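A.B. asks: Dumping the structure here so I can ask a few things about it.
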Amino acid sequence: MQLGLIGLGKMGGNMRERIRRAGHDVIGYDRNPEVSDVASLAELVDKLEGPRVVWVMVPAGGATQSTVDELKELLSAGDIVVDGGNSRWTDDEKHAAELAERGIGFVDAGVSGGVWGLENGYALMVGGSDEHVAKVKPVFDALKPEGDFGYVHAGKVGAGHFSKMVHNGIEYAMMQAYAEGWELLEAADSVTDVREVFRSWQEGTVIRSWLLDLAVNALDDDEHLDQLRGFAADSGEGRWTVEAAIDNAVPLPAITASLFARFASRQEDSPQMKMIAALRNQFGGHAVEKK
Ligand SMILES: O=C(CO)[C@H](O)[C@H](O)COP(=O)(O)O
């Protein structure tokens, strides 16, 4: 089938290649002319035969909103927009309603696989009506990993991004657990080769996983991670997971703690620990460290 793909960055660029390798005709548009197949969104839409399927793979928030706004003007009734970025699931219903005003369908697709997806495939969590999802299915089949798993039609519009958000919340907590275990092993006098402990866990253990394999890759590059600063950014999905947990009164202690650990990583010093130190000093005369 024919697909228009908007956003040819680290994810979109490789996805274009994987879909092409499966025999489909992909026309890509990116603001960067060096990677783009066409000069504008209007030209992309013009080159696609109707009914069109256009996959949006741009950063969540303003960039996705403005792309949806433009597509609403350019596309026709019967066309479908797929949002494959990491959009907040609450944006999906809004986008679906806006596009539906002109008879344009909407599907949300959470995509996992990172820079390895070109070769390994992309896990897909999809939301939308059966009718709209069926029209995009050949592209989902091209992107998904080989084998029985890696694709789910999770429910109505929003369900794909909600599932991907929870996936990323789990990702946060798993990474935090490996990171904490690694720090403790590094701190212990008795363990002489932490990297080999991690490597040994890759087979036979209860905690083997792709994230563990990637941790071993990272330790092979830089055994004690000396070249890195202990600073971790976040793109929003961890925060949204915690917000959804509050809305649903679901306790998420591990995921919440892993999000807060990232916030702590961005502080040069801890203001709250200054207060703890001051209070211990006030009530018990306990020693403080001064700057
Ligand atoms: O979707 C992903 C992996 O599944 C992204 O890599 C993820 O969004 C990164 O998120 P964060 O910047 O919050 O760690």
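A.B. asks: Once you have the Cα-Cα distance between LYS156 and ASP269, take 0.36 nm times their residue separation minus that, and quote the gain in nm to one decimal.
C.D. replies: Details: separation 113, 0.36 × 113 = 40.68 nm, distance 4.48 nm.
Between LYS156 and ASP269, full extension yields 36.2 nm more.
A.B. asks: What is the packing order of peptides 56-68, 100-112, 247-259, 216-228, taking the mean over residues of other C-beta atoms within 10 Å and listing the highest first? Walk me through the numbers on the way to the answer.
C.D. replies: Values: 56-68: 18.5, 100-112: 20.9, 247-259: 14.0, 216-228: 11.5.
Ranked from most to least packed, the peptides come out as 100-112, 56-68, 247-259, 216-228.
A.B. asks: Using the crude model of +1 on Lys and Arg Cβ and -1 on Asp and Glu Cβ, and no other charge, please compute the dipole size for the chain relative to its Cα centre, in debye to 20. Mind showing how you got there, number by number?
C.D. replies: Details: 28 positive and 46 negative charges, 110 e Å.
Computed charge dipole of the chain: roughly 540 debye.
A.B. asks: Out of all DSSP beta bridges with both ends in the chain, state the antiparallel percent to the nearest 5. Please list the in-between numbers first.
C.D. replies: Working: 5 of 25 bridges.
Antiparallel bridges make up about 20 percent of those DSSP assigns within the chain.
A.B. asks: Residue by residue through region 92-105, what is 3J(HN,Hα) from phi via Karplus (6.51 cos²θ - 1.76 cosθ + 1.60, θ = phi - 60°)? Round to whole Hz and write x for glycine and proline.
C.D. replies: 5, 4, 4, 4, 4, 5, 4, 6, 5, 4, 10, x, 8, x
A.B. asks: With a 1.4 Å probe and every protein chain left in place, tell me how much accessible area MET275 has, in Å² to the nearest 10.
C.D. replies: Counting only protein heavy atoms, MET275 exposes about 110 Å² to solvent.
A.B. asks: Only residues of region 1-43 count here: report those whose backbone N is under 12 Å from the spot 7 Å along Cα→Cβ of LEU74, or say none.
C.D. replies: 4-7, 27-31, 37-43
A.B. asks: Is the shape of region 132-291 best called rounded, prolate or oblate, per the rule: a/c under 1.5 gives rounded, else a/b larger than b/c gives prolate, else oblate, with a ≥ b ≥ c the square roots of the Cα gyration tensor eigenvalues? Numbers along the way, then the final one.
C.D. replies: Details: a/c = 2.84, a/b = 1.48, b/c = 1.92.
It comes out oblate by the Cα gyration axes.
A.B. asks: Give me the 1.4 Å probe accessible area per residue for the chain, excluding ligands and nucleic acids, in Å².
C.D. replies: Details: 16010 Å² over 291 residues.
Accessible surface, normalised per residue, equals 55 Å².
A.B. asks: Would you list, by chain and number, the lysines whose Cα falls below 24 Å from the Cα of LYS144, excluding same-chain residues fewer than 8 positions away?
C.D. replies: Excluding near neighbours in sequence, the set is LYS10, LYS135, LYS156, LYS164.
A.B. asks: Classify region 2-156 as rounded, prolate or oblate, taking a ≥ b ≥ c as the square roots of the eigenvalues of its Cα gyration tensor: rounded when a/c is under 1.5, otherwise prolate if a/b is larger than b/c and oblate if not. Walk me through the numbers on the way to the answer.
C.D. replies: Values: a/c = 1.43, a/b = 1.12, b/c = 1.28.
Rounded, because the longest to shortest axis ratio a/c is under 1.5.
A.B. asks: Here is a further query. Run the 1.4 Å probe and let me know the accessible area of SER200, rounded to the nearest 10 Å².
C.D. replies: 70
A.B. asks: Starting from the eigenvalues of the Cα gyration tensor, five times each then square-rooted, give me the equivalent ellipsoid semi-axes of the chain, largest first, whole Å. Mind showing how you got there, number by number?
C.D. replies: Numbers: eigenvalues 349, 108, 62 Å².
Each semi-axis is √(5λ); the values are 42, 23, 18 Å.
A.B. asks: A follow-up question, please. Going 7 Å from the Cα of ASP222 toward and past its Cβ, which residues in region 245-263 have a backbone nitrogen under 14 Å from where you end up?
C.D. replies: No residues fall inside that zone.
A.B. asks: Any idea how far apart ASP148 and LEU211 come out in nm if each label point goes 7 Å out from Cα toward Cβ?
C.D. replies: Taking the two extended label points, one gets 2.5 nm.
A.B. asks: A follow-up question, please. For region 171-271, what relative contact order do you get, as a whole percent, if you take Cα pairs closer than 8 Å and at least 6 residues apart? Display every interim value, and only then the final one.
C.D. replies: Values: 54 pairs, mean separation 29.6, N = 101.
Rounded, it is 29 percent for region 171-271.
The values are calculated or read from the model by the stated rules, or taken from the named source; none is laboratory data. Computed from a predicted structure; not experimentally measured. No Cβ is skipped: glycine too gets one built from the backbone with ideal geometry, and neighbour counts run over all protein chains shown. Note: accessible area is taken over every heavy atom of the protein model, side chains too, but ligands, DNA and RNA are not part of it. Shrake-Rupley method; radii C 1.70, N 1.55, O 1.52, S 1.80 Å.
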